[in-house]
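Nothing in this text is a laboratory measurement; each read-out follows from the coordinates by a stated rule. For clarity, every value in this text was computed on a predicted model and none was experimentally measured. With ideal geometry, Cβ positions are generated from the backbone for all residues, glycine too; neighbour counts draw on all protein chains shown.
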Amino acid sequence: MDLSFILIQALNGLASASSLFITACGLTLVFGVTRIVNFAHGSLYMVGAYTAATLVPRLLEMSYGPATFWAGIVLSALVVGLIGILLEILLLRRIYRAPELFQLLATFGVVLVFQDLVVQIFGPQDILGPRAPGLRQPIEILGRRFPSYELALIIAGPIVLGAVWLLLRRTRFGILVRAATQDRDMVAALGVNQALLFTGTLFCGAFLAGLGGALQIPRVAANTGMDLSVIAECFVVTVVGGMGSVPGAFLAALIIGQLQAFGILIFPKSTLVVVFLLMALVLAIRPNGFFGRPEATGGSHVVGIASRAPVRSGPLLMIAVLVVLAALPLIADPYLLKVATEILILALFAFSLQLLIGVGGLVSFGHAAFFGLGAYGAALAVKWLEASMFVAVPSGLLLAGAGGALIGAFLVRLSGIYLAMMTLAAAQILYAVAFQWVDVTGGDNGIIGVWPPAWAGPRAIYYLLTLAVTAIALFGLTRLIDAPFGYALRAARDSEPRAESIGLAVRRHRWLAFVAAGAGAGLAGALYAFSRGSVDPSLLGIPTSVDALTMLLLGGIQALTGPLAGAAVLHALRDWIMPLTPFWRLLLGLSIITMVLIFPRGLVGTVFHGREERA
Amino acid sequence: MTLLEAKGLRKAFGGVVAARDVSLTVERGEMVALIGPNGAGKSTVFNMIGGQLRADAGSVLLDGVAITDATPQDRFRKGIGRTFQVAQAFLSMTVLENIQMALISRHREALRLWTPARERYREDALQLLAQVGMEGTANRSCAELAYGDVKRVELAIALAGDPKLILMDEPTAGMAPAERSALMELTDTMTRSRRLGVLFTEHDMDVVFGHADRVLVLLGGQIIASGPPEEIRRNPKVREAYLGDTHGLRPLLTSSP
Ligand SMILES: Nc1ncnc2c1ncn2[C@@H]1O[C@H](COP(=O)(O)OP(=O)(O)OP(=O)(O)O)[C@@H](O)[C@H]1O
Ligand SMILES: [Mg+2]
């Protein structure tokens, strides 16, 4: 390893830092003003890349030259900026006061919508953009060739930083943005036209996302996976830098760029892991990132389980439901039984998340981590230890519980949006491990051959087994929630100062909640692995986490039975509608958005609420 | 031995010094009022004694034992109960469950996993509610209560810990005058009969002069006067900070200089 190599690596790091900063800067600006973490920021980046990759070649045909190229890039970013305005007017301005969980979910709905729209508009193929005129020849640095476009990128970062700095310091709009970032109420008190400020901010944020995406076209082909991969990195940058802080984002992007460039030498396949570990480390030391300020929290009791007088017929009803479910194999065909098995499993998965969110007020956005750990725990036990199902399923549960203990230990110091981001990061680390540690986990292909023993093989038997296990687990979890443990968790959610001043060890309770929820989700994951016969990294992915959240939201965070109903509805819908339409994600996305806007209590919650109102 | 002794407490938020060199004592069976205009630093002092804030300097002793760096949880176990300026209760629970929760924690049963919480310590909780006159609302959701009632629930929660010292940050804010004197009567009786110590802040001067054994006046983070109510009423320094009227004192300054 010589000096020139190190220099080239450092330059590579600077180039990716620049791209990352430009995109993340938009996210952090939007968060600062609106306090919304915009999941769809990655989608705007993707749209920027697609637009530029389509638009710039047409422009270059008309008149070839650097000016055209750069004009095309900026034009694409402007188009994305306009989309940002639409997004603000149609959706965001309706959810500024909603709980952060709903904001995240609604903007994730937008992600789904964009995924289908992009394929419809730009086609399913990846699109590689043209190379930049005037920057096609690599230049020589200490005897090594370095792409000159990367140098342009390195310069673009500081230019954008300077421009944003000028915007924030020298314009009236910028002063308002900074004021709003520091103190929202102050802006309201000044009587400024808030709507205009917010729309303007969204334009800037989306413009930057679009610019970040458009600048990529000579380096990477525009593809449909860009949105989630870039949003994960942007989250890390904004969280490490401190949410809302532009200089923080710049510093964080620089560090992460270098970590990626040199991390690749030490752990060739684990750059993602290194990046997320950095985030974990920074948050462990500075819970608000480099330059972030503590967010005022509270008021979370609006979304969560509340005490309800116990229904006397409740146990009877439960037994009746159980009997009906147990009788299902008498009438159902194997396919229906498979669906029913999966619904039960997902219900347990969602219910374990209910313990965190509905009871503890701990908005976890990475619950797939535990589901996946359980599934992989079971599958690895089968693959490497040749364990039977009766050993493998508990192994999955234990692994996920241990994961909950480890991840939870990092999380209990955090709150609000930082906690959500950190759970997401934890899930992404595990996703990366499962994806990149091919020797052990089988990488992208996962692990196959995870089947139950022959006697439990028939669908009906496996269904009944699953029913028994989930029923026991759900019963245990409800007891937990009604017991002092669950009440203490709720107490800490309702009022942390009050909980502490009556002697409750809030952090210990939350940590234990992560262990219990992890184990519950892990059990679900292990059962799922045996029901499908295989595991793969998608079980740990963001969409899996969002599935759990969607089920919760469908069912309602206020009701204990919510997740069960939510799982049934979501899975059944997916099963029946998905084969019928290529627009499944668009429909799902729109449904999520609609749900957040119309039924913030969820379906079950709304029914209950209506009944209580009438009573 | 002195129940509570705070010595030289200091707290700064950035450039704002919210409390400087605050020293005070509370004896058993004594009600001490801490008064001062908005922003004087009263809540800051309360939070340093209750453990919600860590003091930059100074010390807090309870029964002669230093608790300066103890967590709020430790202080609860050592016998400090408190209410907050903005009432803090568990709004998703019923009134009774709020008290039960405190009793469960006091008996160190908060980690129990099986028997339902709502079946534990019902009788004790009902008794505590009866003490603050809230037994009629036991099964109502705490979120439905009027603000003044939440404050009373808070007091019952604080009492559930069987405290030696109660800190009450504006206990009667949001209450009608009749309710106010009822609550303070109650506190007064309990203080005498159980020999509790009470430190409270209050903007209603009738309450202060009707119940406090001693009054401390805080201004700009410093105690500028202390003594029996009658002396404080006549103190010229206090009159300078407050505009006296026939009743006694009314805040003149809205923020510290
Ligand atoms: N967490 C905080 N961060 C920054 N400044 C604070 C904080 N808490 C209090 N202050 C400042 O410290 C000073 C004292 O505040 P404090 O709340 O103790 O006053 P107070 O006497 O309780 O007022 P009030 O009668 O309005 O309750 C005020 O200037 C306030 O702005
Ligand atoms: Mg106060």
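Under the rule of -39500 (n - 2.57) per DSSP H run of 4 or more residues, summed and divided by the residues of chain A, what mean residue ellipticity at 222 nm is obtained, to the nearest 500 deg cm²/dmol? Working shown, then result.
Values: 26 runs with 445 residues, N = 615.
My calculation for chain A gives -24500 deg cm²/dmol from helical runs alone.
Here the calculated FRET efficiency for A:L328 and B:W114, from their Cβ-Cβ distance with R0 = 25 Å, stands at 0.25, rounded to the nearest 0.05.
Using only Cα atoms, what is the ratio of the radius of gyration of the stretch B:42-121 to 2.2 N^0.38 Å? List each step's numbers first, then the result.
Working: Rg = 15.0 Å, N = 80, 2.2 N^0.38 = 11.6 Å.
The stretch B:42-121 yields a ratio of 1.29.
Computed from Cα positions, the angle between helix B:122-131 and the longest principal axis of chain B comes to roughly 30 degrees.
Amide H contacts for B:A225 (H built 1.01 Å from N in the peptide plane; partners 5 or more residues away or on another chain; cut-off under 5 Å): B:V217. Note on the protein assembly as shown: semi-axes of the ellipsoid equivalent to its C-alpha gyration tensor, largest first and rounded to whole Å, are 51, 37, 24.
When the convex hull of the Cα atoms of the stretch A:379-500 is projected onto a plane and the area is averaged over all directions, what value comes out in nm²?
Details: hull surface 39.6 nm².
The Cα convex hull of the stretch A:379-500, projected and averaged over all directions, gives 9.9 nm².
Can you tell me the convex hull volume per residue for the stretch A:203-300, based on C-alpha atoms, in Å³ to the nearest whole number?
Convex hull volume per residue, Cα atoms: 144 Å³.
Would you mind ranking B:I49, A:I155, A:I85 so that the residue whose beta carbon has the fewest other beta carbons within 10 Å leads the list?
Values: B:I49 26, A:I155 12, A:I85 15.
Least crowded to most crowded, the residues run A:I155, A:I85, B:I49.
Taking 1.002 mPa s as the viscosity and 20 °C as the temperature, the Stokes-Einstein diffusion coefficient of chain B based on its alpha-carbon Kirkwood radius rounds to 114 µm²/s. For chain A, the relative contact order is 20 percent, taking Cα pairs closer than 8 Å that sit 6 or more residues apart in sequence and dividing their mean separation by the residue count.
Where does each of A:L112, A:L82 land when they are ranked from fewest to most other beta-carbon atoms within 10 angstrom?
So the ranking, lowest neighbour count to highest, is A:L82, A:L112.
Taking the Cα centre of the protein assembly as shown as origin and assigning +1 to Lys and Arg Cβ atoms and -1 to Asp and Glu Cβ atoms, the resulting dipole is close to 460 debye.
One Cα centroid belongs to the stretch A:202-248, the other to the stretch A:133-154; the line between them spans 23 Å. In whole percents, the pair-distance distribution calculated for the stretch B:1-70 from its alpha-carbon pairs, binned every 10 Å from zero, is 21, 55, 22, 2.
Based on C-alpha pairs under 8 angstrom that are at least 6 apart in sequence, the stretch A:17-262 has a relative contact order of 46 percent.
Using alpha-carbon positions, what is the distance between the centroids of the stretch A:466-495 and the stretch B:127-194, in Å? After rounding, the separation between the Cα centres reads 31 Å. For the stretch A:311-357, the extents of the C-alpha atoms along the principal axes are 35, 26, 8 Å, listed from largest to smallest.
Kyte-Doolittle cut-off -1.0, length cut-off 27 Å along the helix's own axis using Cα: show which whole DSSP H helices in chain A pass. Before the final figure, lay out the partial values.
Working: long enough: A:3-34 (45 Å, 1.66); A:41-62 (31 Å, 0.65); A:66-90 (36 Å, 2.12); A:100-122 (32 Å, 1.69); A:148-170 (33 Å, 1.40); A:194-214 (29 Å, 1.44); A:246-266 (30 Å, 1.92); A:334-354 (30 Å, 1.51); A:389-411 (32 Å, 1.91); A:416-436 (30 Å, 1.49); A:459-482 (34 Å, 1.37); A:506-532 (38 Å, 0.52).
Taking the DSSP H segments of chain A (at least 27 Å long, mean hydropathy at least -1.0), we get A:3-34, A:41-62, A:66-90, A:100-122, A:148-170, A:194-214, A:246-266, A:334-354, A:389-411, A:416-436, A:459-482, A:506-532.
The ranking of B:K11, B:K164 by Cβ neighbour count inside 10 Å, starting from the fewest, reads B:K164, B:K11. Need one number: the % of Cα-Cα pairs in the stretch A:17-262 sitting beyond the 21 Å mark. Beyond 21 Å sits 56 percent of the P(r) for the stretch A:17-262. The stretch A:545-581 and the stretch A:1-25 have Cα centres lying 43 Å from one another.
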